Structures are given as structure tokens and as C-alpha cells.
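Report on one structure; see the data block that follows.
The values are calculated or read from the model by the stated rules, or taken from the named source; none is laboratory data. Because the structure is a prediction, the values reported are computed rather than measured. When we count neighbours, we look across all protein chains shown, and the Cβ atoms used for this are built from the backbone with ideal geometry, even at glycine. Just so you know, the surface numbers come from the protein's heavy atoms only, side chains and all, with ligands and any DNA or RNA stripped out. Shrake-Rupley method; radii C 1.70, N 1.55, O 1.52, S 1.80 Å.
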Amino acid sequence: MLVRRLLHFLAICLISLSVSAREALFTRDWRFHLGDVATAETPDFDDVSWRNLDLPHDWSIEGEFSPGHASGTGFLPGGTGWYRKTFKLPEDSAGKRVFLRFEGVYRNSTVWINGKLLGERPHGYIDFEYDLTPHLNQPGADNTVAVKVAREEVADSRWYPGTGIYRDVWLTVLDPVHVTRHGVFLTTPAVTDDIAEVNSTCEVVNQSAETAEVTVSAEVRTADGMVVSAARTTRSLAAGASWQYPLYHPVPNPRRWDVDVPYLYQVMHRVSVGDQVVDEVVTPLGIRTFRFDADKGFFLNGRPLLIKGVCNHHDAGNLGAAVPRAVLERRLRILKEMGANAIRCSHNPMEDHLYQLCDELGFLMMDEAFDEWEIGKRKWVKGRNHGHADRFGYSEDFEEWAVRDAAAMARRARKHPSVILYSIGNEIDYPTDPYVHPRSRKVEIFQDDPSQPSMTRLAAVAPALIAAVKSEDPTRPVTMALSNATAANAIGLADMLDVAGYNYQEQAYQADHAAFPGRVIYGSENGDDPRAWRAVTHNDFISAQFLWTGFDFLGEAGEWPEHGSRAGMFDTAGWPKRDALLRSALWSEKPFLRLGFQPRRGGSWRSHWNPMPGGDRPVRVVAYSNLPKVSLSLNGRDLGAVETQDGVATWEVPWEAGKLEASAADDEGKRHVDAIETTGAPVALRVTPDRSNLTADGRDAVHLTVELVDSDGRRVPDDDREVSVTCESPLHLAALESGDLRDNSRPKAPARRTRDGRLLAILQARGNVAGKGVVKAEAEGLPSVQVSLSLEP
């Protein structure tokens, strides 16, 4: 016990030294207890026996899959939990204002500081902030923050939400005169090759007791730090008042932010009182213009662009909802390689890292606030679209919180050049879930019930949400992902939107374009059938498609033992499925060719050439390619050339062991080749990290692909076996992922069965200890393999 108390004291000391930047991470050395505890909000509560951990933290993913939990949320548990953290502020914080910001807590969070209630936030995906200042002890004395998270109703979502403080927390120590949270807003209303008209507003608040003469200056800097524009303004600010200080920044010869070259400037705002600088804020600036045209589609920087988007939920398989930045980056790069250029946040605001990465990598974004409004949708407890469903969820809090939450979404996202759309709801108009209307499209699996609420109510609710978004950002269009356009048209809802998103309603594009001149229509959620993409490419007025989904995800599971949805282009490990290859053939601007086969028509697609049951019968060989004609050979024998249609070429081929090879020529005559071969039995493990070093900050992550390989080094896809992965400190295993949504072993287990001959191991640094870390992979009957990774300061 004495040792644990000493370690706790040292952690507090370290925390007190870390509060130096304007906004400092506040994620180290929290205490956690699963279960409700009386008086845990009080400062003198003894939490020494509680678990010590770093945030972000999702406790649901640490549990067990069980058919006793809800299918809709991935058969994982919820519950109530407590977090506590004791910290000291340095002496120079005297007279300062201290704020605590949470990027997201799922759900129903209640926060105290030193036993004083700060507030509650039911929405699990919205960032929020509390002013700790009135309740803090003197610098150098202990302060204790306590957070209660309550999620007893596990069927509270249509997908896996996670539970806990699953996103970052930030502590900000500021002068009484300072820039407010997300207070800088940049716009680029006019851009030419010669000059960009950049405007900024910087909201400053005076929380001192006296009027202050406040000067706000700003510099626009290139990526390498050169100042290309500077401006300043001064205004007296009364005690307790705030003001949005306007500045104009002409930038000569601007470099555009684009999906291909996402160039970012930086804008440094400085706030001074007299001759003393009291605050500084750096904001990314992507100089770009965009517009939607009802007849000609979408334009970015004046050129037409087809939006090739995917919808994504926030989890990452066995990592759960607490997803490191490096994992998000890997996933985005995978999508970029496929040809995607846009992300829809389904169906909630995401963590800060995702917006930053989309800025940096060149993705357009649709942010989204809600999946339900006043009345809850069906959250499946057993089964999916049949069985038993509850309706508990955010709807319980919508009336009190929705306007604030919609505004908060826009205020945080508006600084990101990647964001082009704000959605105030996903399929709120879904027929019978819960609203009904005589003009609704029919959904066979659900019957109208006259006792259900009328959909006309949506037209009364939407204006307040639209106004809330516009109050923070009037420059970007507001949209909804409509699933029931006939009813949305009848009640006037679609006409309230700047642009109208249609989910799975390609058949309505032509008629609604003719019936509603001036309406911008795009695909806000779509299936992967090539005909849905043709509805974009063959209609100038349709600019976008957002596929459901980029990656498989937890929840929306259906029947046990399936604990997730297989809707993704990629599985939860990030490995491509057939739909990803088809999409690459349709979307990629680089030559693309991939080969596989089906044992019989309608059978499962395989990316290998190993024998299958009934192997003496012909198989359907499929090549996915954006090249016009593909040739096929088997063991050197020419099997003919086939022209691709919608990215696909097919052959009927008798199976024969050996090498199946496809080749195709691009426009310049260069030949591209892909081959699959019959492998031998596995004789070894191969471990391949995506990089050999990671930052020793306790947050960075590295991905290791673990494969079963034969004597020629080829992955063996049909002899799966359990693989265990262990690490030496300072590394730790964050998750093992096979992409198998029917593998219901504990998500955080250190061993897992391969799928198609491979596993993905995700490792992180533990703490901030630099040095070498060793990873060991083992499987029965195969030699173990060790890999060394460098952890750098």
C-alpha cells in the first residue's frame, strides 16, 4: 500500500510539471473504478485501490462478448464507472483561468472538481468544457476532478458506442483575457491565383475585474514558417465582456488546399493587453473555395470534382472506441489508396485527430450531429430488423440539449478546411422509425402504425437546428441524410436544407431534379452496386456518393455469434474485401489490377488459388481493374483476354494447382500484372511492422502484420491457427485483430486465431520511456519470431 501511495504521489508531481502549454493533455494517471460508488466525487475519497490508467479509455471493449448483451451495440457490456484524478497547479497559475475540456465521454457524464458539481453532458460525442477556476485550491495544493459515466442501458445506440472517457482530455491555463474555446474562425470568400482574401474573427473574453485595452494581431505563415500576411486591431474590452475581433489577411500567390495537394498555412493570433502578450492560438488555414451547383455538381477551387466518399463509425474493431491517431491515419491512407476523397462522420462528431488528419491528407468531410431527434429509433437488443428493440437513447435529452449540441459541432469543426457539410441528422425520416406519413416509401419489414407520430413534426424541429449551426458557421451548407425523400418533400423538410442528401434513393434523382429546380441533390449513403456509382457519373447534377461503409464495425450485429457489421469495404483489420477491390477499379486514378476467384457462382470470393471443396468443378475467376482489357493465364497457358465492364472481367476456369496470372496494359502501353498461387503448408511466421519506430509518448501506435507463410514465403490462407503476441516493456499490446466478426474471444486477449492466414497486432508505447521494445509472436508447430522496435523521445 505504501508503494502504491508513493507512485500516486510521484504521478501528481509529474502532472504539476506538465501544465505549461496553452492546452495541455490531461490524460495521464487517472484512477478508474467500474461500478457506482457513493461519495466518489468528494476530494477526500480514498481511491488508492482503484485501477491506475491513462486516457483515452473504453471500458466496454475490456469486457466479454456475450449474447446477454444487446446485438445493436455489439454484444458488449456497459454499466456505470468513475474516474478520478488528483493534480497540482504550478505557482505561476495564480490569477489565471483554468479550463478542462473533454473531447467526448460516452455517455451521461457528470463532472466535479473538489467536490463541486461542474455539470452534466448526456451526448457522448460532443466536446465540452468547464471553468474550474472558482473551485480550485491555491497553486501547489491538491485538486481532484471526478467524472461519473452512466450507461446502464446498453441498447442505447444502433452501433457500438464504447463507454467511458474514450477521447482526449485537455487542461488549459489562461490569462483572464484570452481567446475563447474554438474562438478563431477563418474564411476564404474569394481566391484567385494572385491573391486570397482571408478573413478571421478572434473571439476574446475579458474575465478580469477591469476594462482592458486589447490588441489582437495575426500572422499567416507558410508551412515552412514564412510570414506572408499580418494584421492587427485594438479595441477596449469591458470586464466580463467578449468581442469577435475582425482581421483581414490578403495572401499573395496563394497555394490552394486540395484533395490531391492539401497545403496548409498556419495562422498565429496573439492577444495583448498593453504591451504584454497574454494569449496565442495557432489555427490551420486551408485556402480553398467550394460550391455545390444544382445542375453541375460540386466544385473545389473552381474545378468540378466527384466526391468519392465513405461513411465510417468511430470504432476500430478490437481497439474499441478509444482509437489512437496512428490507427486513424493508417485507415485514412488505406481509403486514399482505394481512391476515396471524402469521409462522412456516421452518425456523430468524431475525435479531434480525425479532422486534423483529413486536413493533412486531403479528405473532404461531412460532419454529422444526430442519429435521432425527439423520439428514439429502434435499438436492437436481439437480432436486427426483427426480434426485440428498445428506443432509449439521445432522444431522452434532445429537447434540452440538441440546439447546444448542434452549435457545438459546428463551432469545433469550422476551423478545418476539410469540412464542407454539416448534417443535422441521419435518416430521421426513416419510415416507421418512428415517424409515419402517407407519402412515405414503403419498407416491407415494418408496417405503419397509425399511433406512431406524424413525420410533419420534423419540419417544425429542423429550423432550430439549422439556425444553431448557422449561428456558428454561416459559410458551409447544412444537410441531412434523408431516407424518405417523398415524405421529406411532402412536409417541406428537404427544401429547408442547403443541400439534400439522399440515402439509397438513386431512383429518385432524375424525378426530384426535375420537380425541384435549384435543389442540390447528392448521395449521402449508398450501396456498392456499380449502378449506384453510374447514377453519379451519368448525371452532372449528382456530385457525390458516400458508401456504407469504409470499414466493418462493431454493433448492428444481427444474430449471435456475429458481433459486428460486415458492410465495410475493408474488414476491421483494414484488409480489403472484394468490394474494396471493385471500388478501386471504379475510383482509383492509378492503374489498378487485382485477381481472385469464387468456387461457384454466388460463393465466397477468395484472394488465393488454393483448392476448395468441389475443386474439380469450374470456378469463376474475377479480375478487378480500371484498365480496358485483362488477359489471363494459368501455369503459362493463355486463357484469353476479356474487356472490363464496370471494373470487372470474368472467366470460367477449371481449377488447377499452380499460378494464375492476370495482365493488362495502360494507355501508355505499360503492362500491369497480378498473380495468385497455390501455396504449401505453413512453416513459419512472418512479422512485418508498418514502421520500425514509434514515439515514446504513450499514445503513438504501430501495426504489425503477422502471417503464416510457406517455404517460399507466401501467405497460407487456408490453415489458420492461434497466434499469441507478447511484448517487453515499454511496449504493450493494444489489440489483436483478425477481421473475423464471429471470433468472440475477449477483445483484449493476447492470442487470437488467424483469418486467411494473418493477424494484425496493434502496439503502443507504455508511458514516455524511450529505448528498444521487443515483440514476440508464437504459434503451435511454428518457430517463434521476435521483432525489435525503437521508441524515440
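Say the dipole of the stretch 29-92 comes from +1 at the beta carbon of Lys and Arg and -1 at that of Asp and Glu; which of SER71, THR39, TYR83 then lies farthest toward its positive end?
Of SER71, THR39, TYR83, it is SER71.
Highest first, please rank the peptides 740-749, 280-289 by the mean number of other Cβ atoms sitting within 10 Å of their residues.
280-289, 740-749
For the stretch 313-462, take N as its residue count and report Rg(C-alpha) divided by 2.2 N^0.38 Å.
1.19
Tell me the angle of helix 398-413 to the major Cα principal axis of the chain, expressed in degrees between 0 and 90 and rounded to the nearest ten.
Result, in degrees: 80.
Please calculate how many Å² of accessible area the chain carries per residue, with a 1.4 Å probe and no DNA, RNA or ligand atoms counted.
Accessible area per residue: 39 Å².
Take peptides 364-373, 688-697, 85-94 and line them up by average Cβ neighbours within 10 Å, highest first, as a rough protection proxy.
Going from most to least packed, we get 364-373, 85-94, 688-697.
Residue farthest toward the positive end of the dipole of the stretch 673-788, with Cβ of Lys/Arg at +1 and Asp/Glu at -1: which of LEU741, VAL706, VAL775?
VAL775
Report in % the part of the accessible area of the stretch 641-694 that belongs to carbon and sulfur, leaving out ligands and nucleic acids; probe 1.4 Å.
The value for the stretch 641-694 is 45 percent carbon and sulfur by accessible area.
Which percent of the accessible area of the stretch 149-192 is formed by carbon and sulfur heavy atoms (probe 1.4 angstrom)?
Roughly 54 percent, rounded to a whole number.
Work out the length of the dipole vector of the chain about its Cα centre, built from +1 on the beta-carbon of each Lys and Arg and -1 on the beta-carbon of each Asp and Glu, and round it to the nearest 20 debye.
700 debye
If you wrap the stretch 397-486's Cα atoms in a convex hull and average its projection over all directions, what's the area in nm²?
About 6.7 nm², averaged over all directions.
Within 10 Å, count the other beta carbons around each residue, average over each peptide in 522-531, 572-581, and list them highest first.
Put in order of decreasing packing, that is 572-581, 522-531.
Tell me the angle of helix 325-338 to the major Cα principal axis of the chain, expressed in degrees between 0 and 90 and rounded to the nearest ten.
In the chain, helix 325-338 runs at an angle near 40 degrees to the longest axis.
Provide the net charge surrounding VAL191, with neighbours chosen by a C-beta distance below 10 Å and charges set as Lys +1, Arg +1, Asp -1, Glu -1.
Result for the local shell: -1.
Calculate the length of the line joining the C-alpha centroid of the stretch 88-115 to that of the stretch 632-665, in whole Å.
Between the Cα centres of the stretch 88-115 and the stretch 632-665 lies a distance of 63 Å.
I need the P(r) histogram for the stretch 176-266: all alpha carbon pairs, bin width 5 Å from 0 out to the longest distance, whole percents.
3, 13, 21, 21, 15, 11, 8, 5, 2, 0
Please report, in debye to the nearest 20, how large the charge dipole of the stretch 216-325 is about its Cα centre when each Lys and Arg carries +1 at its beta carbon and each Asp and Glu carries -1 there.
It works out to roughly 260 debye.
Can you give the Kirkwood hydrodynamic radius for the stretch 650-702, in Å, rounded to one decimal and based on Cα pairs?
16.2 Å
Tell me the carbon and sulfur percent of the accessible area for the stretch 401-486, rounded to whole percent, probe radius 1.4 Å.
Solvent-exposed carbon and sulfur of the stretch 401-486 make up 57 percent of the total.
Suppose we take every Cα in the chain and form the convex hull; what volume per residue is that in Å³?
Each residue corresponds to 178 Å³ of Cα convex hull volume.
If Lys and Arg each add +1 and Asp and Glu each add -1, what is the summed charge of the other residues whose beta carbon sits under 12 Å from the beta carbon of ALA238?
-1
How do LYS415, LYS442, LYS296, LYS308 rank by accessible surface area computed with a 1.4 Å probe, from largest to smallest?
Output order, biggest surface exposure first: LYS442, LYS296, LYS415, LYS308.
On a 0 to 90° scale, report how tilted helix 352-361 is relative to the longest principal axis of the chain, with both axes built from alpha carbons and the result rounded to the nearest 10.
60 degrees
Going down the list LYS577/LYS748; LYS308/LYS776; LYS148/LYS470; LYS116/LYS415; LYS96/LYS415; LYS748/LYS772, which pairs span over 29 Å between their C-alpha atoms?
In this structure, LYS308/LYS776; LYS148/LYS470; LYS116/LYS415 lie more than 29 Å apart at Cα.
Take the alpha carbon atoms of the stretch 182-244, find their center, do the same for the stretch 247-308, and report the distance between the two centers in whole angstrom.
Between the Cα centre of the stretch 182-244 and that of the stretch 247-308, the gap is 14 Å.
Taking the alpha-carbon centroid of each part, what is the distance from the stretch 461-477 to the stretch 689-729 in angstrom?
So the two Cα centres are separated by 46 Å.
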